[in-house]
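The structure appears right after this line, and notes come after that.
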Amino acid sequence: MTTSAIATNKFAWLLKREFWEYRGGFFMAPLITALVMLAIIMLALVTAEFKAHQHGIQLGGMNLDQVVEHIGTGDVAKVHAAIDIGLMGMSVPIGIVFCFVVFFYLLGALYNDRADRSVLFWKSLPLSDTETVLAKVATAMFVAPVLAVGAMIVLHLGFLILLSLYSLVRVGASALPFLWSPTHLISLWLKLVVSIPVNALWALPTVGWLLLCSSYVRSKPFLWAVLLPVLSGVIISWVNLVQSFSLSGWYWQNIFGRLLFSIVPFTWLRKIATVDTPDSMDDDLRVLNHVLSLDSIGSALTMPSLWIGAAAGVGMIAAAIYFRRSRIESYV
């Protein structure tokens, strides 16, 4: 077996170790969130049915076949865009859970080994500190997002199944082609998958900062990771007020925001929406559809702020590897 094959196997083993150690957060938490959302949706549909029956509202008399026949191609596209945006909005709780899981995973990724002295065991194995840290980076940037996207797809499918069953009972099968059009569903899921590496690049400042704190601080990595940028921002804001020094807003957006909130998926869309959205797109539905397009995902790769942040993140990851190698003592 070649050296590269051995290194690949070791890295794959490290990824498996991270998954099995934190599978509750990476796998079960998004899945449970999706199931809870489906339960809430089912309860909402049952409540709507009960209220409709209670007030004598009859939806079964709606002739949707005639409505479908008179819908043009542009209207169908708008319906699909509205469904896509609704599915994305429904996925927000999974995104929130993902952010919390990854944030606290990175904070404890290198600190916990020092705290319980298990770092001595891992250093006794034929594993380099670089491989160990990069495995944690890959887990946070790729493994966790893939599992979160999988949970989102489960949620989307479950919602469409529930809505289809409700439609069949109430208004017949006329609405099913709109719900189950493979073109827009596959396109939506493709966007979610393709956006993973873009989100990963954008998240590098937060990943690097949290790992740096995790590898360096003696205790309470959360306080160091959060309070240090906050106190720095407060000082800069105070200087800004006293001396009319216009740096405060830039700091909070480009330093504080990137250090702590870059792991939030699609936060780079705000810059895309500001820069690339045509002025003529005054309709909110079209604007949202635009920023969720593959063109916008590709445009994100041309943003200087993405690559500057990624370079800073790589530098902090390199520092985390250095401190992982040199700081093995426990401070608890």
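For Leu106, state whether it is out of contact with any strand residue (DSSP E or B) (no Cβ under 6 Å at 6 or more places or on another chain) and closer than 21 Å to Val314 by Cβ.
So Leu106 passes the test.
Within the range 186-193, can one find any residue that is farther than 30 Å from Leu147 by Cβ, among the small types (Gly, Ala, Ser) and at pLDDT below 90?
no
Answer yes or no as to whether Ile321 is open to solvent by less than 60 Å² (accessible area, probe 1.4 Å) and either at pLDDT 70 or above or of a type outside the set (D, E, K, R) (or both).
Taking the combined requirement at face value, the residue satisfies it.
What residue, among those in the range 99-152 that are in a loop (DSSP other than H, G, I, E, B) and among the polar types (S, T, N, Q), is farthest from Leu192 (Cα to Cα)?
Result: Ser118.
Yes/no per residue for (1) in contact (Cβ under 8 Å) with a residue 24 or more places away in the chain; (2) out of contact with any strand residue (DSSP E or B) (no Cβ under 7 Å at 6 or more places or on another chain); (3) buried (at least 18 other Cβ atoms within 10 Å of the Cβ):
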{"residue": "Gly86", "(1), (2), (3)": "no, yes, no"}
{"residue": "Phe98", "(1), (2), (3)": "yes, yes, yes"}
{"residue": "Arg114", "(1), (2), (3)": "yes, yes, yes"}
{"residue": "Val119", "(1), (2), (3)": "yes, yes, yes"}
{"residue": "Lys123", "(1), (2), (3)": "yes, yes, no"}
{"residue": "Val143", "(1), (2), (3)": "yes, yes, yes"}
{"residue": "Ala151", "(1), (2), (3)": "yes, yes, yes"}
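Looking at the range 208-269, what helices (runs of 4 or more DSSP H) fall wholly within it and have at least 3 residues that are surrounded by 14 or more Cβ atoms within 10 Å (Cβ to Cβ)?
In the range 208-269, the matching helices (runs of 4 or more DSSP H) lie at 221-243, 257-261.
Would you confirm whether any residue within the range 169-183 is open to solvent by 40 Å² or more (accessible area, probe 1.4 Å) and modelled with pLDDT of 90 or more?
Looking through the range 169-183, none of the residues is open to solvent by 40 Å² or more (accessible area, probe 1.4 Å) and modelled with pLDDT of 90 or more.
The values are calculated or read from the model by the stated rules, or taken from the named source; none is laboratory data. Please read these numbers as outputs of a predicted model, since none were measured by experiment. Note: ideal-geometry Cβ built from the backbone for every residue, glycine included; neighbour counts use all protein chains shown. Ligands, DNA and RNA are stripped out before the accessible areas are found, and what is left, the full protein with its side chains, is counted by its heavy atoms. Shrake-Rupley method; radii C 1.70, N 1.55, O 1.52, S 1.80 Å.
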